[in-house]
Each structure stands twice: as structure tokens, then as C-alpha cells.
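Beneath this line is the structure, given in C-alpha cells, with notes to follow.
All of the numbers you see were taken from the coordinates with simple rules; none came from a lab. On a predicted model such as this, the values are computed, not experimentally measured, just so you know. When we count neighbours, we look across all protein chains shown, and the Cβ atoms used for this are built from the backbone with ideal geometry, even at glycine.
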Amino acid sequence: MFLKKLILSVATGCLLSSVAFATDCGPSGQSIRILASDFPAIHAVAGTAEKNCSSSASEFTRNHTTEARQIMNAALTPNPAEYTSVIVANSTLTQLMNDDLVRPLNDLVQKYGSNLPDNLMITVDGNVMAVAFMANSQHLFSRKDILEKAGIKSIPSTYNQVIDAADAIRKAGIMKYPIVMNMKTGWNVGESFNLIFVAHGGEFFKPGTAEPSVNTAEGIAALKMLKALSEYAHPDHLTQASNETQAIWEAGDAALGIMWGTRGSVILDNEGSSEQVTSNTILSSAPTVKPGGIPGATLWWDGFTISKNVPDSEAEATFAALISALNADMVAANNDDAIWLLEGFKPGAAAEGVSATAAGGAPPYPMLPQIGLLHNALGTELVDFLKGDESAEKALADVEAAYVTAAKEKGFLQ
Amino acid sequence: MILFIALPIISAFVQSLFIQHEQVLIVSQNCGPFGCSEVTSIDFEKTIKLRQDAPLGKYNGINTYLNRSHLAFAEVGNAWSASETLVDFFNEVFNLPLYGALAFTLTYTAVVTPLVLILGFSIAIGVNGLPNIMKGPSIFVSLLPFLVTPLVGSLILFWMVDGDGIIGATIKLIFNDPDLSLKASTALTWTMLIVYGIWHTLPFSFIVFYAGLQTVPFETLEAALIDGATKWQRTIYVVIPHLVPLISFVTLMLLMDNFRVFEPIVSFSAEAHARSLSWIIYNDLRESGNPLYGSAGATSILTIIGIAFLLLPVLIRTWKDFKLKGH
């Protein structure tokens, strides 16, 4: 529903605009240098940009690395910057903006991007800081056949239903550990907490400040829910991230999963798994706390930025090249690589989960300058509770204490 | 020495005395594919002025060393007054990041170092006693673990101890417990890391001792033999005293190596159960997206002090030996 609405708005946008579709690569003879993460959808966008515009550029380089987040601030700080564009997500854009390394794109959007809908423009105080092209979130994966065997008729939609279903599967002797979640100590376990925390209506910070507010009734309820779910996950869950959970799912060793939408197409394709698993895997909205509540998910977008510390002509050429990739042909050629926010996307079964989660009103991952510090504190301090070494209250108090220490060092708190 | 050792240490120390300037936060309207919301962001114009005036940051003295992430004197004091039993107190203290990491780092060092010394020496004696034709191949085989990059070696072992891996599955079978997991319990994770540590550093001590054994004077051994000393007595009274300087050297290297244990924790994904001082530095610098340089600097300096303490006895001993020889 959400996607259909998006696509409709794109289509009307195109009808209204009179911009021709011939590739416009902006000023020629410029150097275009892109830093990006390393997964198929990003390759599709940057690769199409290269195909379209490398002939008119003096230089076109792409650095795809999973380390992009680690090197981007250092690479963009000098003038001229090492890269003219970095492809980012919610959290990584904040990291660049914290050091003022990306430029507002309003005039470039007017010149080259008028055929794109407004809601792809990531706007901070009226300044377009990035152009989004794909969406992602974690949501529920279910094995229809196993649920039926355990006597569960419908796909669970609340956390309690997920736990009840897991219990029924265990009691029926089908699987001892039917749940998989990305719970690896660090970023992943922190994010798993975030999902349930937002579903409980929690706010990470006291409004308008950098004071943490996770040690609250919502936080405690969320953490206890996370623990209740993890009771049905394999004992090794604190070492499992996306690659491991996907492998468990594809091996048919799990029946209920909370995993990333981008893994959907990889799981549903005919590689790495059996017919029985792929034909019975159902992707649906992330669970809610109460029926009809907010889904337990944070929405993510991926989009591109343009460096501040590069000549205007290079910035313009880079922007034009990347915009030229955001079209229906690119989407058609790479339809299943991502949940595209672009014209021409045909949402298949693999996009159902993200689409339903977004339609249910899940909030975007907060774009706050200090969120990385809190996320890191959650990732390191919550495991003591999940291992059973301390109470939920104590674990959340530790999170706040660790965050406050880090936030003081970074100048967010005094 | 000055360029490669003194300057980096001084730089880390200076960095650890500073924290970042106050970030001027403003509330702004933020829009994207999923709607608009009010969020706080950094007012860069105001913040950059502060940064340009004092690029190192705000002087914080030794407060970074005293905060919760490091020595945490205030928290330890509170724990002391709040806890009723000693067990409670230690639980509280080891819950603090630095002390928790110190507990694992010291345990690891204290177990791995002597075991590697003793086992390395025993293997050296064993290989030395082999017929000549067998020596070459056995030395090569014994050195193999040392040739594997720590990160790769521990990853391979990590997959082997997985529930479906060859070691993990065998252990399950032996104990007849299908839920047994080496990765899910703190005690087993520590054991796994320690066993890995021994496996990986053993060849170093073995090869040094083996080289040392070749220098044991044959005449002395022969004299001991004529005096009727058994093989055991010859080892204790002739070989070991001859190798004492080497033992000091190997101990020194092992202590330094083990105190900075890091790679196995990352490749075993053991962060939930075991964290070391080096892991804390890594986490400060990488995981939060914006590096905590001051905090990482402070932990580095504390690590150096920790190593210095550990090495003190060995260094004193080496110095004494040196003085003895000088006279």
C-alpha cells in the first residue's frame, strides 16, 4: 500500500514534469569519485551512473567497501575531498552532517531532479541533504507450513502472538529454537532493542535534549520482551547477525524470524535453500505490541550525498550522474535487489514485509547527532541482562551511564 | 625510538586529556521518504568557531581517566558503600567496562603465559630427543599454528566449535547434550579463547627454547651423566639454569602479547562474554560512528601502565642479570 502510494506519486510527478529523459550528465570533463557500501542495490545505482556518464567525465571511480562508514569522515574532511559523493543511510548521513561535510542540494535538485518526487529528498530545515532511492527495515519472516503444523492458523502480528506461536512449535516438538533475530553483541543487539522499544512507543531522548530516556517503563517492557523472544532463539544468538540468521533460515532451522527486508529476495530466490523453505516463507509487517499498534521496526533509506569540499562543477557532474541512474530502466534491470523508492518498481513477495511495516507507521531510524553513542551503549550493556546476569533496570541504567560518559566526552552533555 | 615509540605515546596521552567542545544543538524540521519530524541537530556555525579556536578540544585534565569507562573511582566507591557482601561488591565492580575487561585480560594472561612456557619447553625437549631424520618435519608441523594469521585462525576455530561444526558437534555427542554451546556460556567462551591463545602462541616459545637447547654445552651434560644424574635431573639442574635468560625473554614477550589479546575476541564474536582492554579501545574508536579519541587514548595509557606493572619483575630480573655479567 505504502509503496503503491509512493509509486503513484512518482508517476504523477513524471506526468506533470516536462523534463526529457535523455541522459544529462551536467558539466563535462569533471572528476566523479563515489564512496559507497558494498551490496547489489548500491552497485546497481553507482554502476548505472558510471555507464551513463563515465564517457563525459574525465575520471569516474567507485569505491565499494563495507568500511565506507569508517573512512568517510576522514576522506571528506580535506579540501578537495577524496570523494565527490558518499552513498549513505539514515545514521551515516548524521555522521557526515555532524562534521558539516555534505552540501545542500536544493539548486541541483531543481536543475536535474525535478522529475523525482519530493519525498525522496532528505530535508533538514529546508535544505536537501541527500536523495534517497531505496528503503529497508527489519520485519517478520514466517514459515507457513510449520505454523500450520503447530496449529497456528494465521501469521502472527503481535509480539505475544510470535511468542505463543514459537511456544506451540516447541511444544509440538517441531523445533526447539524456532525464532531467529539479529542479536550479535554490538550494533545488532542494540538495533533489536530499538525495534521493540519504538513499538512500545519509547522515545530515545528527552525531547529537544541529548538526555537519554531509555531507562523508562517502555524500555524495561521492551527489554523484557526481547528476552522473552530470545528464549526461543538458539543459545548462540548473541553471536548471530544477518549472515548467520539468513543461513539458519535457508537451512530450514527456524520458523519465525525478524530479519532485514533486503534479505527477503536473497532468501526467496532459488539459491542456498530448499523449495520447501522458499515456497512457505511469508514476509509480513514487523510485529506490534497491541493489535493495530506501531510495528516494531525502524525504517531506513539509502541515498546519496554530495561532498562539501569539492569544486562546484565536480559536485554538479556527480549529482547529475547519480540522478541519471535513478530511473525506471535501472529499476527494471535490478528490480529484486532492493525495495526501490523509484518509478517502475514492481514490489514482489520480497517487498511485502517492508511495505507493510512502513504502511503500519513504523518510525524512521532517528537522525540525531548523538544516536550513534546511545546505540553503541545499548549494544554493549544490554547483553548482561540477556545473559541473565543482571536485572533489566540495572542493564538500562548501565546503558544510560555509559551513554552519558560518552556524550560528555563528545560535548553533547555537559 | 623517539619517532616510533615516544611520540605516539605522548600523542595518545595528550589526546586523553581533552574532550570535544560543547555541541550547540538546535531543533530542526527533518523530512524524508517516511514523513517529517522535529529533530535536534548540530548548529555547525557556532560549533566550528569553538573548534577552530582550540582544535584539540576542551581541556579535561585527568577526568577522562576517572570516568565510568575507565577507573570509575566514584562508581567503585558507591558500589563499596551500597553492597552488603564482598560478592555483591565485586559483581558491581566487574560490571564496569574497564574492570570487566581487566578481569578477562588478566585471567587470560595468567593462564596462557605459564602454560605456553611449560608446554613449549616440553615440546622443545621432546623434539630435541627425536632421531635427526624426524626433527625437521616435527619442527615444521609444530610451527604451523604460528603461521596462521590470528584473525583467520580464530575464525576457522569459531566455525569448528559451532553447534554444527566438527568440534562443537563432537563435544555435543560426547556429553550427550544437544543444547551444549561453547558460544553461549561465559566459562566455556573463556576456556575456548584461552585454548586458542595457547594453541596460537605455543610455537613461539617452542622454537625459542628449541634454539636454546642447541646451545647447552655438551661437556656439562656429559659430566652430569658421568656423575650419575638422571635425564630429569640433567634437565632441572643443567638445562633450565642455562636457559634462564631465554625464559625471561619468552616470558616478557608472552606477557606483552597476551595482555593485548584482541583478535580472537572479534573473530569468536565473544564480546558478550569476554572483553579485553584492546577490545575497549577498538570499540571506542569504531563502533559509535564518531570515535571517542580521548577515551581510547586514556585506555591505551592505562594498558601501557598495566603492561609495565606486569613486566616489572621480569625487567628487574633481566637488569640484575645484566649487572651481574657486567662485573
With +1 on the Cβ of every Lys and Arg and -1 on the Cβ of every Asp and Glu, the dipole magnitude of segment B:222-327 about its Cα centre, in debye rounded to the nearest 20, is 380
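Would you work out the charge dipole size for chain A about its Cα centre, treating the Cβ of every Lys and Arg as +1 and the Cβ of every Asp and Glu as -1, and quote it to the nearest 20 debye?
Details: 27 positive and 44 negative charges, 164 e Å.
With Lys and Arg at +1 and Asp and Glu at -1, about 780 debye.
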May I ask you to list the aspartates and glutamates whose Cα is less than 17 Å away from that of A:K153, ignoring any residue fewer than eight positions away on the same chain? A:D145, A:D164, A:D167
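Which of the helices in chain B meet the span-like rule: DSSP H, Cα axial reach of 20 Å or more, Kyte-Doolittle mean at least 1.0?
Details: long enough: B:97-128 (45 Å, 1.62); B:132-147 (23 Å, 1.22); B:186-213 (39 Å, 1.34); B:240-259 (27 Å, 1.55); B:293-326 (45 Å, 0.93).
Those that clear 20 Å and a mean of 1.0 are B:97-128, B:132-147, B:186-213, B:240-259.
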Starting from the Cα of A:K206, draw a straight line to each of the lysines and keep only those under 19 Å, dropping any in the same chain fewer than 8 residues away. A:K408, A:K410
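Quick check on the protein assembly as shown: of the DSSP beta bridges with both residues there, what percent are antiparallel, nearest 5%?
On the way: 39 of 53 bridges.
Bridges in the protein assembly as shown that DSSP calls antiparallel: roughly 75 percent.
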Going through segment A:124-230, which GluC sites (Glu not before Pro) have at most 16 other Cβ atoms within 10 Å and a DSSP loop state? A:E203
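How large is the direction-averaged shadow of the alpha-carbon convex hull of segment B:162-274, in nm²?
Working: hull surface 39.7 nm².
Value for segment B:162-274: 9.9 nm².
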Of the listed pairs A:K171/A:K346; A:K171/A:K227; A:K184/A:K290, those with alpha carbons more than 29 Å apart are A:K171/A:K346
For segment A:150-245, take N as its residue count and report Rg(C-alpha) divided by 2.2 N^0.38 Å. 1.20
Given Cβ charges of +1 for Lys and Arg and -1 for Asp and Glu, the option among B:F218, A:A392, B:S16 whose Cα lies farthest towards the positive end of the dipole of the protein assembly as shown is B:F218
With eigenvalues of the C-alpha gyration tensor scaled by 5 and rooted, segment A:226-341, Å: 35, 19, 15
I need the Debye-formula profile for chain B: one equal scatterer per C-alpha, no solvent, reported as log10 I(q)/I(0) at q = 0.13 1/Å, two decimals. -1.17
Would you mind getting the Kirkwood hydrodynamic radius of chain A from its Cα pairs, rounded to one decimal in Å? 22.3
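Per Stokes-Einstein, at 37 °C and 0.692 mPa s, what whole-number D in µm² s⁻¹ belongs to the protein assembly as shown, with the Kirkwood radius over Cα pairs as the hydrodynamic radius?
Details: Rh = 28.8 Å.
Roughly 114 µm²/s, to the nearest whole number.
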Quick check: pseudo-label points 7 Å beyond the Cα along Cα→Cβ at B:T107 and A:E393, how many nm apart are they? 2.8
Hey, how many Å between the Cα centroid of segment B:14-86 and the Cα centroid of segment A:41-86? 32
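Sorting A:M72, B:M1, B:M256 on the 10 Å Cβ count, fewest up front, what's the list? Walk me through the numbers on the way to the answer.
Working: A:M72 27, B:M1 6, B:M256 13.
Listing A:M72, B:M1, B:M256 from fewest to most nearby Cβ atoms yields B:M1, B:M256, A:M72.
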Which Cα, out of B:W159, B:I198, B:G294, lies furthest along the positive dipole direction of chain B (beta carbon charges, K/R +1, D/E -1)? B:I198
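What does the charge count near A:K408 come to, summing +1 for each Lys or Arg and -1 for each Asp or Glu among other residues with Cβ under 14 Å from its Cβ? Walk me through the numbers on the way to the answer.
On the way: positive: A:K410, B:K58, B:R68; negative: A:E211, A:E400, A:E409, B:E22, B:D284.
Here the charged neighbours net out to -2.
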The protein assembly as shown - mean residue ellipticity at 222 nm from DSSP helices (-39,500 (n - 2.57) per run, n ≥ 4, rounded to 500): -17000 deg cm²/dmol
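Dipole size in debye (nearest 20) for chain B around its Cα centre, Lys and Arg Cβ +1, Asp and Glu Cβ -1? If you can, show how the numbers build up before the last one.
Details: 17 positive and 22 negative charges, 205 e Å.
Result for chain B is approximately 980 debye, rounded to the nearest 20.
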Go through A:T216, B:L173, B:N63 and say which Cα lies farthest out towards the positive end of the charge dipole of the protein assembly as shown; charges sit on Cβ, +1 for Lys and Arg, -1 for Asp and Glu. B:L173
Can you list residues from other chains, or at least 5 along the same chain, whose modelled amide H is less than 5 Å from the amide H of B:N67? B:A72
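Give, in nm to one decimal, the length gained when the segment between B:S11 and B:K320 is fully stretched (0.36 nm per residue of separation minus the Cα-Cα distance). It would help to have the intermediate numbers written out before the result.
Numbers: separation 309, 0.36 × 309 = 111.24 nm, distance 3.24 nm.
Once the chain is fully extended between B:S11 and B:K320, it gains 108.0 nm.
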Restricting to lysines 8 or more places apart or on different chains, can you count the pairs in chain B with Cα atoms under 25 Å from each other? 4
With a 10 Å Cβ neighbour count serving as the proxy for reagent exposure, in which order, fewest first, do A:T278, A:T185 appear? A:T278, A:T185
